[in-house]
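The values are calculated or read from the model by the stated rules, or taken from the named source; none is laboratory data. Since the model is a prediction, treat every value here as computed from it, not as a measurement. When we count neighbours, we look across all protein chains shown, and the Cβ atoms used for this are built from the backbone with ideal geometry, even at glycine.
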Amino acid sequence: MSEVHTPSMCRHQPRSPPQTPIALVPSATNTCSSPGAASRGTIRIELISSMLSTGTSSRGSALRLSETAPIRDADESPIPMPQPSIDTEFFWRSGEDGLLRIQRCKQCNRYAHPPTPRCRRCGAQDLQPAVVSGSATIFSYTVSRHTFVPWQPAPYVLAIVELIEDRDVHLTTRIVDIPHDDVRIGLPVSVIFERHGSVHLPLFGPRRELHTGSQE
């Protein structure tokens, strides 16, 4: 079994699937738990590793990391990889320079994820990748204590994180470089890219220093 932690009664559902998976574990049935939910018993949910939620918002100034994110080379274990499309290619290749990019509408300034050819808020087609800080907080997570696939030994932590630029923008990811027993809802984290050829998977680890900068 795995331990799944969500903010409120385990009711969070990502709004939309991505074009391609983050290829960490297969679908698995897990036990869900959350603060205050003990009296309600456990809830069985199906964790789909390819989930990404979507969000849109606008911000003025931008927060920037004091340096670009670390890039680590993946080991040679074969894993299913994302297949970038016209809409998603920028996202999967963004980490080449250590910067996380999220699509943003130039008309209403709302962030949009997963990427889409048309703004979900105003309908405009003028959307472009925008650099974000790469900093987030953990919205929900699961600690998997059993090995489901050979390329990902247990224990490991899958999480949904919300970006600090916009709490409605969520990414499903793997938490690294943090002891799994120290992971909690609301924990600050920063992006770390894992390089698989031209694809750079955005993982998240310990929070790095931030500063305020101009929006790119």
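Numbers at a glance
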item: Yes/no for Gly95 being at pLDDT 90 or above and either in contact with a Leu (Cβ under 9 Å, 6 or more places away or on another chain) or among the β-branched types (Val, Ile, Thr) (or both); result: yes
item: Qualifying residue in the stretch 73-81 (condition: of a type outside the set (Ser, Thr, Tyr) and either at positive phi or touching a helix residue (DSSP H, G or I) at 6+ places or on another chain (Cβ under 8 Å) (or both)); result: no
item: Which listed residue is surrounded by 16 or more Cβ atoms within 10 Å (Cβ to Cβ), in a strand (DSSP E or B) and without any contact (Cβ under 8 Å) to a residue 60 or more places away in the chain, from Val161, Val169; result: Val161
item: From Phe139, Phe204, residue being modelled with pLDDT of 95 or more and under 18 Å from Gly98 (Cα atoms); result: Phe204
item: Residue check for Ile192: β-branched (Val, Ile, Thr), outside any strand (DSSP E or B) and more than 15 Å from Phe139 (Cα to Cα); result: no
item: Breaking point among (1) touching a Pro at 6+ places or on another chain (Cβ under 9 Å); (2) polar (S, T, N, Q); (3) modelled with pLDDT under 95, for Asn109; result: (1)
